[in-house]
Amino acid sequence: MSGLSPDGDEGRALLRRELLRPEYNAENPVLRFLEWLGRRLDAGLAAAGAADPLVAAAVMVVLLAGALALAWLVARARSERDPRRPGPDAITGTGLGSGDLRARAEAALAAGRPEEALLDAFRALAVRQVEAGRLADQPGATAREVAAALAEVAEPAGGPAPGRRDRAAGLHRAARLFDGVAYGDRRVGADEVTAVMRLDDDLAGRR
């Protein structure tokens, strides 16, 4: 590149390299649009470069900014559609089994990411109860709805009332923590994560 004002050929080369980045090729319609855009830009840059190098530089900066914005939008759309990356509020609709979610929670806790660990620990608890047939699989259910449903089946009707109350309280507390982390940027510690894991173990041992 010569100085601060690239000529038409240099501008086209820079733009081509940018448009070849993998994130622009995520969807065929996007790729076709970018190919069309590239052809139009070739003509536009050539005309601008012939007229004034400063105009060419300004056009290139604007176009590269637009291309980067498009790449960000494509990457965000792919992330939102990727079932391996559920939103923070997803509970049972993660596509993972309870064992995988629990292992992921334990790994996150060991790595010093307690908020991430708490989300997966609660998901593991809910999915384990779905797998056991005690909770309906409703991916759109909220954490509080999951806690309320499990509080009713956490102990047989003839079981000790204090035990039922303790488990119900633990479920509602875990749901509040889940919501606080998922929606309110709440910080949690290792003790709160392990409490959810112990509750998961407690519920898993009850038939």
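The values are calculated or read from the model by the stated rules, or taken from the named source; none is laboratory data. Because the structure is a prediction, the values reported are computed rather than measured. Heads up, the Cβs are rebuilt from the backbone with ideal geometry, glycines too, and the neighbour counts pull from every protein chain shown.
Starting from segment 186-204, take each residue that is at pLDDT 95 or above and list its partners that are part of a helix (DSSP H, G or I) and surrounded by fewer than 16 Cβ atoms within 10 Å (Cβ to Cβ), counting only C-beta distances under 8 angstrom and pairs at least six apart or across chains.
Filtered contacts from segment 186-204: 195/173.
Can you tell me which residue within segment 111-129, out of those that are small (Gly, Ala, Ser) and over 12 Å from residue 189 (Cα atoms), is surrounded by the fewest Cβ atoms within 10 Å (Cβ to Cβ)? Quick ask: steps written out before the conclusion?
Within segment 111-129, the subset small (Gly, Ala, Ser) is 111-112, 117, 121, 124, 126.
Next, from what is left, pick out any that are over 12 Å from residue 189 (Cα atoms): 111, 121, 124, 126.
Numbers: 111: 10, 121: 30, 124: 26, 126: 30.
Among residues in segment 111-129 that are small (Gly, Ala, Ser) and over 12 Å from residue 189 (Cα atoms), the one surrounded by the fewest Cβ atoms within 10 Å (Cβ to Cβ) is 111.
Under 6 Å between Cβ atoms, at least 6 apart or on separate chains: pull out the pairs that start in segment 91-112 with a residue that is of a type in the set (S, T, N, Q) and end on any residue that is assigned to a loop (DSSP other than H, G, I, E, B) and at pLDDT below 95.
92/137; 92/139; 94/86
Does residue 144 meet the test of being crowded, with 18+ Cβ neighbours inside 10 Å, basic (Lys, Arg) and out of contact with any Phe, Trp or Tyr (no Cβ under 6 Å at 6 or more places or on another chain)?
Numbers: crowded, with 18+ Cβ neighbours inside 10 Å: no; basic (Lys, Arg): yes; out of contact with any Phe, Trp or Tyr (no Cβ under 6 Å at 6 or more places or on another chain): yes.
Criteria not met by residue 144.
Count, please, the residues in segment 99-156 that happen to be modelled with pLDDT of 95 or more and either in a loop (DSSP other than H, G, I, E, B) or among the polar types (S, T, N, Q) (or both).
Selection size over segment 99-156: 3.
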